[in-house]
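So the structure is just underneath, and the comments pick up after that.
Values in this text are rule-based calculations from the coordinates and carry no lab data. Worth saying up front: this structure is predicted, and the values here are computed from it rather than measured. Here Cβ is always computed from backbone atoms with ideal geometry, including for glycine, and neighbour counts include all displayed protein chains.
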Amino acid sequence: MFLASLMTERELEVWDRLSAVSDPELDEPITDMKFVEQVEITDTDSVLVEFRLPTYWCSPNFAFLMAFGIRAEVSALPWVREVTVRLNDHCFGDEVNAGVNSGRSFHEIFAENCGGAVLGEVVDKFAAKAFDRRQEVVMLAVQALGRSAEQIVAMTLGALRRLRFSGEEELRQLPRYLDLMSERRLAVTDDDLAFPTWQGCAIPAEDLAVHLGRLRSTRINMEFNGALCRGLASARYREVEIGPNGPSLMDFMAGRVPARVASEPGR
């Protein structure tokens, strides 16, 4: 009984670490996207994590970033001795699995398998999108509390932390926004601006509406991609019976795809 309880606790710890890994394009945890299929923990404290992406041809960039994110997060648990990551049913699965489990440099493997792409540039691109999405949510929440444009652009990090929000999305995104700002050194002390641009500049009050419009465009694009990914995943792994010609794109996005498990594995 004690061993079973311990394993359950450790499995929960692994899943908690996995929730810190996001799809880089969508800025959503891979656990929320249901990409993680299986977690196994052996009696020697080795961990196997299997994951699967929505399509066979999902970008290798994304696959590598998520695979290495999984390995890094799970390896951070003090009791874990070894981590094996396995990407299933993907056109680059063999390369991803060999690379992430080889112990070689992430930068070297990434450039070798992703057309010479520079890892730092790819990570920065998606971090900037994540920043935009998180900042919009928090800014709109502050605006809803009655703060003017002048007050918002001049707000300090300390003042933002003292505000009390009640909405589910702002409560979810605020800590993620603060973490990313700290990680990128955009705002660290209580006297730093709470809402800088990604380049670290102040936003003029007269430009706030335009700035929010740009953030909104980023969010809509990410939400569309997220809905499409969920629909593609549902269609790939489940049988679909909507109309004589199958489901449309709007069926995927509206969640009207039936949840009847396909009879053929891997479909």
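Could you put Leu145, Leu163 in order, starting from the residue whose Cβ has the fewest other Cβ atoms within 10 Å?
Details: Leu145 12, Leu163 15.
By the 10 Å Cβ count, ascending, the order reads Leu145, Leu163.
Based only on other Cβ atoms within 10 Å, what is the fewest-to-most ordering of Tyr56, Tyr177? If you can, show how the numbers build up before the last one.
Values: Tyr56 13, Tyr177 24.
Ordered by Cβ neighbours within 10 Å, fewest first: Tyr56, Tyr177.
Sticking with the crude label model, points 7 Å out along Cα→Cβ, report the distance from Ser148 to Ala72 in nm, one decimal please.
Inter-label distance under the simple model: 4.3 nm.
Take Thr84 and Asp32, extend 7 Å from each Cα along the Cα→Cβ direction, and tell me the distance between the two endpoints in nm.
Between Thr84 and Asp32, the simple spin-label model gives 3.1 nm.
Where does each of Val39, Val74, Val85 land when they are ranked from fewest to most other beta-carbon atoms within 10 angstrom?
Values: Val39 17, Val74 24, Val85 21.
So the ranking, lowest neighbour count to highest, is Val39, Val85, Val74.
Quick one: 3J(HN,Hα) in Hz for the stretch 173-185, Karplus 6.51/-1.76/1.60 with θ = phi - 60°, rounded, Gly and Pro as x.
Per-residue couplings from phi come out as 8, 4, x, 5, 5, 5, 5, 5, 5, 5, 4, 8, 6 Hz.
Whole-Hz ³J(HN,Hα) for each residue in the stretch 155-170, computed from phi via Karplus 6.51 cos²θ - 1.76 cosθ + 1.60 with θ = phi - 60°, x for glycine and proline: what do you get?
Per-residue couplings from phi come out as 5, 8, 4, x, 5, 4, 5, 7, 6, 10, 9, 10, x, 4, 6, 5 Hz.
Which value in Å is the Kirkwood Rh of the stretch 2-117 over different Cα pairs?
14.4 Å
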